[in-house]
Every structure is written in C-alpha cells, then in structure tokens.
Amino acid sequence: MKRLNLSEWAIRHASLVRYLMIILLIGGVWAYGKLGQKEDPEFTFKAMLVRVVWPGASTDDMQLQVTDRVEKKLMEHPDLDFVKSYTKPGETVLIVNLKESVAPKDVANAWYQVRKKLSDIRQQLPSDIRGPFFNDEFGDTFGNIYAFTGDGLGYEDLRRYVEYVKREALRLPDVAKVEVVGEQDEKLYLTLDTARLASLGMDVQQLWQALAAQNAITPAGAIDTATDHVPVRVTGALQSVDALRNALLSANGRTFRLGDVAEVRRGYAEPLGFAMRFDGKPALGLAISMKKGGDVIKLGDTLNALMDKVRSELPVGVMIDAVSDQPRVVKSSVNEFMKSLVEAVVIVLGVSFVSLGMRTGIVVALSIPLVLAITFLAMYFFNIELQRISLGSLIIALGLLVDDAIIAVEMMALKLEQGWNRLNAATYAYTSTAFPMLTGTLITAATFLPVGFAKSNAGEYTFSLFAVVGLALVISWFVAVLFTPFIGHWLLPEHQPNTEHGAHGDVYDKPFYVRFRRLVEWCLDHRKTVLTATLTAFVLSLVCFKLFVQQQFFPASSRVELLVDFWLPQSASYQATETEVKRLETLLKNDERIVSITSYVGGGSPRFYLPLDQQQQHLNYAQMMIMTRDEQVRDEVKHKIAELFDQGFPAVRGRVIRLENGPPVGYPVQFRLLGPDPGQLRAIGQRMEAMLREHPATRQVNNDWGEQLRVMRVTVDQDKARALGVSSQSLARQLQMLLSGSVVTEYRDADRTLEVVARLGADERASLERLPNLMIQTASGRFVPVAQLAGVEYKPEESIVWRRNRLPTLTVRADVADGVQAADVSIALWPKMQALEKTLPPGYHIELGGSLESSKKSQDAIGAVQPLMLVVVISLLMFQLHSFQRTLLVLLTAPLGMIGVTLTLILFAAPFGFVAMLGVIALAGMIMRNSVILVDQIEHDIREGIDRWEAVVGSTVRRFRPIMLTAAAAILAMIPLTRSTFWGPMAVAIMGGLLVATVLTLLFLPALYAAWFKVKRPA
C-alpha cells in the first residue's frame, strides 16, 4: 500500500487546499482582532495579607501574644513556602507566601484553608483584638488610575463626584473593581473642656453612655391586628450635627446641653493616615481594574468616553487627570512589537529572496502569513492574549517557522534545477525530509518544555513563550508539507536539464561548493585538530562566561514612570512625612521633563503595574509616582532626584527606582539575618551593612527595621490607684479618650456612618509635657492629675520587628549603581556573608535574598523539568535515528551554542538573565534540529549505497544551503528584538549561539561523525 504523501495530496486536491488557505487567512485576521491585549501576562500572586490589630499593645506584646501564635498555626499549611510578617505597636501584618509550585487553580482553596486555620485559633488570641482581616486579592492590578482635584471645592463635594464616577465605571462591561484612593473618614469631634467637666463634677462615662443610649437603634416591638402587622419605632436618634450639639444630658441633678461642655465639630480623621496628592494638590483617586480575560484596549476606549462625558458635567475647577493609563501603554507596546514583527518578516523575506530567488522567495513569503494566521487562531482557541511575552515569542518563532518551508522549497527548487517535473519535485521533499523536519521541529519545541512546565512564578509569567513558539513550530511543519509544496507547484517553473554537467546537472559543482567540499574534507582529514579546537573553545567559553558575563534576574522596564520612596525615622508623624513630600513636589514643580507627580503619603501606590513591589501603609512612609516625558529623560530626572535627596533631605532615606519586569523582588541585593534576640540582630546587622558599603557598586544600604521608638511609659502606683478607685484599664481608657479620642456613639448620615469621637483640645493633646498634669476622673467622680497616681518616663521600644517563619529577621539590603547587575554584587558578597555566619552565636543564620534568590528559585524550577525535556528529545531522536550512538552524536552538538552565546554577550555587554537562559535552552533545540537533519541525510546516503566518506562530505555539502538559510532567517529575524530592554539579551544570545553553532554543525559534526564511526578517505 502506498504511503500517504501530504504534499501530493494537496496538489491533487487543489480546490480544497485553496479554500483552506483562504478560510485560514480570513480566520487568522478575525482571530487577531479578537485577541485580548495586555501589558504583561497574567500570573497568580501566591501571597495573602493577614492583619491583626490590638490597640494599646506594645511591639513585644504583639509578637508574643498574636504574631507568634498566628505564625505557628500558619506553619501547619502544607503548601506554605514561608510566612513573613512585621509587628508594630498595636498591629501585626503577615504576608503568607505559598510555594511557587502550587498550581494557580489551587490557590483559592489554599486561602480558604488559611482562613479556616486562623478561625480555629481565634479564641486563643487576646479577647480585645480586631481581626484577623484577610486580603487575598493582593495581586489585583488597577491599570487605570484617575486623580480628581477641585480648586475651591470642599472635600465632601469632591468625594460625591468621585462616588458618582465610581458608580458609572462599575456599569462598564470589562470593569472588575473600582476603588477610591485617599478617601478620608469623616468624624464628629467632641472637643472636651476638662476644667468645665471638673467644675461640674460629671461622670464622663455616664455622660457617654447616656448619649449612646439616646442615639441607639433598638427594636420596640410590633403590633399584630387581624389584618396588619405594624412595627413600632422609637425616635431619639441624632438627625443632625445641631441635634448632637443640643442633646440634653443630666448629671448630678443638673440638665445641660452637650454643647455646654464640648465643642461639636464635623471634620476628617486627625491625624490623617493615608492621602493622595496630584501635582501638589490634595486629590482623590479612582483606581479601576479589568476583569480576567478582558481587552485592555477596549476598556481604555470605554473609560475615555466615560471620562469625557463626566468632564462635561463637572463644575468649573474640578479636574480629572490620568495617573496611570495602561491601555495607552499597551497600545504603544503592541504597536511597537507589531512594527518589530513586520521588520522581522521583511528580514526573513529578504533572506529568502536574496538566497532563493524571486519566485522561490515568494513561495516562502506566502507561507509566513499562513503560519501566523493559523497561530493567531490557535492563540484565540487557547485563550493566549497579546502581551509582552506572547508578542516577543511571535518574533522569536518567526525566525524558526520558515525553516521547514525553506527546507521544503529549497529541495523542490533543487530538483527542478536538476530537470525534475513539478509534481515529483514538489512531493520529493515530503518523502526525503518531512519526518526528519518533523523530528527537528518537535525537538526545537521540546526544548521550550522547561518554560511551559516550570512550577515557579517566573515560569508562569513566561508560559506563553512555550505555548506560542510550540504552536507556531508545529503549525509551520504542517504548512511546509501541505501548503508550501502546493504554492511551489503553482509558482515555480520547470527547467530543462543542464547538459553542461550531465543529464541532471550538478548544481554543487559550482566554485563555492567545490571550495566548501574541500573545507569539509580537510576537517575530516584533520578530525582530531577540529575536535580538540572545538572542545577548547567550548571550555574557554564556559570560563569566560563565569568571569565576564553579567548576571541578572529580569531587566528594568522601559516604561517612563519613576517611583520615589520616602522613609523617615520610624517615630515620624504623618505631618512630618507630608512636609517632606511637599518640599520635593515644589522642587520638581517646573521641570519640563516631568508630565505629572502623584504622591501617596502614609503608604504606597495601588498596584497600577503587575510586577509592582507594593508597599503597605506606614505613617513614616510616602511614595511618589513621577510620569516623565519619555524614556530618555526618565534617567535624567532619576539622577536629579537622587542628587536632591543627597543634598537637601537629611531626615529622609530616599530611593528612586525604575519599574521592574517579572515577579516583584524589591531591593535587588538582600541578605536576611535570622535569630532570636533583636538586640543581637541589630549589632550583627550593622556589620553586614558595613560589608555592603565596602562594595563599590552598592547604593542606599539600609535595613528594614529602622530605629527604636521613644515611648512615654506611665508606671501606675497600684496602691494609690486602688485607693482612688482607678484601675490600669480605666486610666488607659481615659488617656486614650483625652489624647487620641474615643468613639462614644455613631452619627448616621444617609448612606454613611460617622464615628462620634470625644477628645481633648489640640493644645492639650499635642504637648508631651502636659501628660503628667492631665486630669483623670476617679471612682468618686472627682478629677486628679495623672502624676498623683503614676510616674511618667521615656522608654525605648522596638518600632517594627520583621519575622520570617517565626524568627525575628533583619534584612540588610541595597540598590546597585547604574550599569551593574545586582546578581553580580550578591555573588561577590555572598562568600563574605557565609564567612560571617560561621562566627555568629548558635541560632543565628544568614540567608540570601533579593533578585539572586528569585533567580535561583526560577532556575531550579527550570532545572526540575529539564530531565523531562531530555527524555522527550532523546525519544524523538531515537524514533528518527534508531541508534544510541547517532542520538548521542546529535546531543553532543547541543552545548556548542555556548561558544557564540558567551562571545556575543561579552561583545554587546548584555547581561545573562532568566529570559536569556530560556533562549539558551531553546538554542540547544535549534542546533539539534540542524544536526538531526544532517545525520539523517548521511544515514540515508549510506543506505543508498554511497561510500561512507562521500556520504558524510556530500550530505554536508547538500545540506549547506538549507541549514545556512534557516539559520540566517532565525538569526536576522532577532535583530528587531535587540532593541528591546526585555528581549535584547535573549536575542543577542540566540544570534551569537546559533551563528557559531551552525558553522560547527557543518564542520565539527562531520568531523565528529567521521571520528566516531572511523570513516576513512577512500584509497
């Protein structure tokens, strides 16, 4: 029975094939228009925030009574990687991190288990804690953020406009969440006059209880008649601020208004905890996130239409400005990549036309849109969107997807030159090279398996590299054996036999091929020299790679934003932080290189960008997001701000950074010190900081603990307190009310509920010296100063304690100088840290962190899948070659690309990062693809009865043109990617590696084959 020849089938069913080509092209164009577009691929944040509040507790109390118990329970979770936490007075925040190997579909259940475990121990925690509060939507990205400012407009009026826009935005089809940023809580303040209270002899607690009782909503029953059910309502709830002010209260037989003993005022929370500013003005933000699977470009268009409509309705003075406009960034990014894709197509076509001629080149040219169209259809079917990774993958695939078409059409053109008819020439490639091509294609695809199956955050982030390249390669083989021969049969003319060189003519008798044949024969004659020289070059490349190639995790982003971090001393107030922010805003105000400045005082920016290292709320922290004009001036502004911090902000630890790519890391250089005693950790940490500062490339060396707090400790004389009928709890509650304020009841205003807070006036609250003289009410109702029953003194206390897996952990960290890779700095410092660790007391350890740790995790995840890749590759080779020896022969060529990789990375000063590593792994597949086709050709010739020497030399000569053409297409198609910050190192590595490896395939592999199988020149 005759074997099915797909190429012949296609030619004999021309109408059907033409129909398929047309329908697939139309379908590809349709699918491209339907593909979602994003900046970054989606990946699952495997981190959850858990927050517990215990008002009044010290840092030590929080650690022992709350943090440690919660961490201990969380450590039972089977999928837990580590628990990282920070504890401050009255608050602990835990970041629960799952193992990177946890599948995205299992993450939701993992968070359910966390909630369940912590609910189990709720009764073991102090009774008056608040929480735990959970946030498992930590990774939500708010790609569109708008700032609302209003000159001459009250804050409450501005808030109402923002709430209106929020309601309208939530109606849009692709909107998932809308949050108001910087919203301030409104409160009703009762400012007390202690002298007046003392003169009236009032029991303050009874006063508040009476007010709360009047304002409470309490069921009053209902009356049921034969026909109706009538609820009974009792009035008394406060209906206005004036009603609160005029509320009648009784004490010691006297009746008076609340306004007689307290000033009643409606205002916002004082002091503020978190606020947003835009271009130097107080602002409210509206952060909008997109539904999973949505199209960010379409969302941007609908949001732009909404904002235009809202602007036309707002009063004069209310401004809406875009803080983050991800649709615009994505549109620009996609356009840039599509431009690079078009450039790559032009380059590949140029290679085809120049090397194969016009008609033959057209055959290859027509295969490109077909493969791309079918690839777009497959991406649509498998829900792969257009984003940074998939777009780069398309360009990488472009240089590979024409390989099979070039091999097929080159073989057809060769046979036509030799005088074959079109049908036989078009179908010959299928019978001779289709299955070696398929094996080579599958091997190339298989080398991307570590990307697709790596169980890590970076692996999930780059998954679409495996998916898109794998799809495109497999599709390209089907196009090469089905459509390319059909197009070639249609376009390429038959030739008359070239009688000058015999019946079929020998195209390999031309001067170039004669010289190349002599070179191959020389390599076979001097096989030991060739093998030794290649091995020497390979070993030398590994040594140079280790010594001279810079290491990195992911490169910085090319986006134009800058992030500026402000860290003040841990004891700094919100007002002090805001003052420093305003100073920098003023200094940058008239810089023409800056488009806008958005400031977040008391916390970090919402996650407007997926890889953002988001900061939590701290009163001594602020973050600026500075939008610069373009990427060129971005670095100029960065240096200017760094200089301003050095010269004029002595109280601020300032940091200016570009946005990151890949999973967030934070400071790129980090070393963790773990141990039981905070004092020892601080002392050892200082030694570690000194080591970091000694390195010339480190910048902004610091640790994450900061300074100790200055605390006023009120030491109660319990005998005196008992005599006066005052407990420690009663004293603390009265001081809380007088200094910070206590909630005494609630005021219900339409759909909002405002706390009613009683406290002292600002002059009494803000004075540290007046604390001993504050008047405290005793059990008898009279007032006495604090100093009569307690001593007041200053004491140091830990301001913040970071922990990791139940151990206090101090992290020493640093940025690096421009042009230096953080991984190189960490590698240089790590031996010194290991030496220091050996001198530490028992129980103290130093761990590696930062970008190098993340890189190692990702590399380990890749390494875990490489055995699977090897099994698949070896299996494919065995199926094709049916020989262990020949399989090993092909495998030995795979590492040779490192010679060119090292050379080009050094020449172009390009760093070797995670993405470049993926490229080098894939490079091995490209090399083996060429090797297996050449080895298979040699074996085919030997089976045909050709002398082994001639089989090796002749096969190498005949495979020269297709191997060089496919390599040239793959290499030159990478040129547009070299301009990319993200893809550049990978492109450079593949170009250099493939160039050198292709030459070695044509020279080293024949010599190795001859040496292995003892092939000798015929006598």
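FYI, it's all coordinate maths here, none of it is from the lab. Bear in mind the structure is a predicted one, so any value in this text is a computation, not a measurement. Don't worry about glycine lacking a Cβ; one is built from the backbone with ideal geometry, like all the others, and counts go over all protein chains shown.
Observations on the structure shown:
- Cα long-axis angle, helix 631-648 against the chain (0 to 90 degrees, to the nearest 10): 40 degrees
- When each of the peptides 364-376, 791-803, 427-439 is scored by how many other beta carbons lie within 10 Å of its residues on average, the order from highest to lowest is 364-376, 427-439, 791-803.
- Candidate aspartates and glutamates - alpha carbon under 20 Å from LYS1016, same-chain residues fewer than 8 apart omitted: GLU521, ASP525, ASP936, GLU939, ASP941, GLU944, ASP947, GLU950
- Whether the range 841-987 is rounded, prolate or oblate, judged on the alpha carbon gyration tensor where a/c under 1.5 counts as rounded: oblate
- Whole-percent pair-distance distribution, where bins are 10 Å wide, for the alpha carbons of the range 237-393: 7, 19, 18, 15, 13, 10, 7, 5, 3, 2, 1, 0
- Burial order of peptide ranges 815-828, 6-19 (average beta-carbon count within 10 Å, highest first): 815-828, 6-19
- Backbone N within the range 128-168 under 17 Å of label point (7 Å from GLN617 Cα along the Cβ vector): 130-138
- Taking 0.36 nm per residue of separation and subtracting the current Cα-Cα distance, fully stretching the chain between ALA817 and ASP301 would add 181.8 nm.
- Cβ-based net charge around LYS292, under 14 Å, with every Lys or Arg adding one and every Asp or Glu removing one: -3
- Estimated from helical segments only, the mean residue ellipticity of the chain at 222 nm is -17000 deg cm²/dmol, where each DSSP H run of four or more residues counts as -39500 (n - 2.57).
- Helix 422-446 and the longest principal axis of the Cα set of the chain meet at an angle near 40°.
- Here the Kirkwood formula, the inverse mean of 1/r across different C-alpha pairs, assigns the range 47-135 a hydrodynamic radius of 13.1 Å.
- Inter-probe distance in nm under a simple model that places probes 7 Å from Cα toward Cβ, at ARG359 and ARG196: 10.4 nm
- Within a straight-line Cα-Cα reach of under 25 Å, LYS298 can be paired with the following lysines, leaving aside sequence neighbours fewer than 8 residues apart in one chain: LYS34, LYS38, LYS166, LYS177, LYS309, LYS331, LYS339.
- Set of aspartates and glutamates near LYS856 by C-alpha distance (under 16 Å), chain-local residues within fewer than 8 positions excluded: ASP81, GLU100, GLU460, ASP824, GLU847
- Looking at the chain alone, DSSP beta bridges between its own residues are antiparallel in about 95 percent of cases.
- With contacts taken as Cα pairs under 8 Å and at least 6 residues apart, the range 319-437 reaches a relative contact order of 25 percent.
- Net charge in the neighbourhood of ARG122 (other residues with Cβ under 13 Å of its Cβ; Lys, Arg +1, Asp, Glu -1) is +4.
- Cβ-derived FRET efficiency at R0 22 Å, ALA243 paired with GLN206, nearest 0.05: 0.60
- Karplus 3J(HN,Hα) series, Hz, for the range 76-89 with 6.51 cos²θ - 1.76 cosθ + 1.60 (x for Gly, Pro): 6, 5, x, 9, 6, 8, 7, 10, 10, 9, 10, 10, 10, x
- Computed on the range 559-660, with alpha-carbon pairs under 8 angstrom and 6+ residues apart, the relative contact order is 45 percent.
- Extension gain for ASP719 to VAL543 (0.36 nm times residue separation, less C-alpha to C-alpha distance): 55.7 nm.
- Acute angle (nearest 10 degrees) that the helix 822-838 long axis makes with the longest principal axis of the chain, alpha-carbon atoms: 60 degrees
- Charge context of THR427, other residues only, Cβ under 11 angstrom, K/R +1, D/E -1: +2
- Label-point separation, GLU156 to GLN736 (7 Å along Cα→Cβ), nm: 2.8 nm
- Amide H within-cut-off set for GLU91, under 5 Å, with H built and near neighbours excluded: TRP54
- Cβ charges +1 (Lys, Arg) and -1 (Asp, Glu), total dipole of the chain, debye: 1820 debye
- Cα gyration tensor category, rounded, prolate or oblate, for the range 559-660 with a/c compared to 1.5: oblate
- At R0 = 22 Å, FRET efficiency that the Cβ-Cβ distance of ARG979 and LEU587 yields, to 0.05: 0.05
- Using C-alpha pairs below 8 Å separated by at least 6 residues, the relative contact order for the chain is 17 percent.
- Simple spin-label estimate for THR225 and LYS292 in nanometres, 7 Å along Cα-Cβ: 5.5 nm
- DSSP-loop GluC sites (Glu not before Pro) across the range 876-956, with at most 13 other Cβ within 10 angstrom: GLU944
- FRET efficiency estimate (nearest 0.05) - Cβ-Cβ, GLU847 to LYS1016, R0 60 angstrom: 0.55
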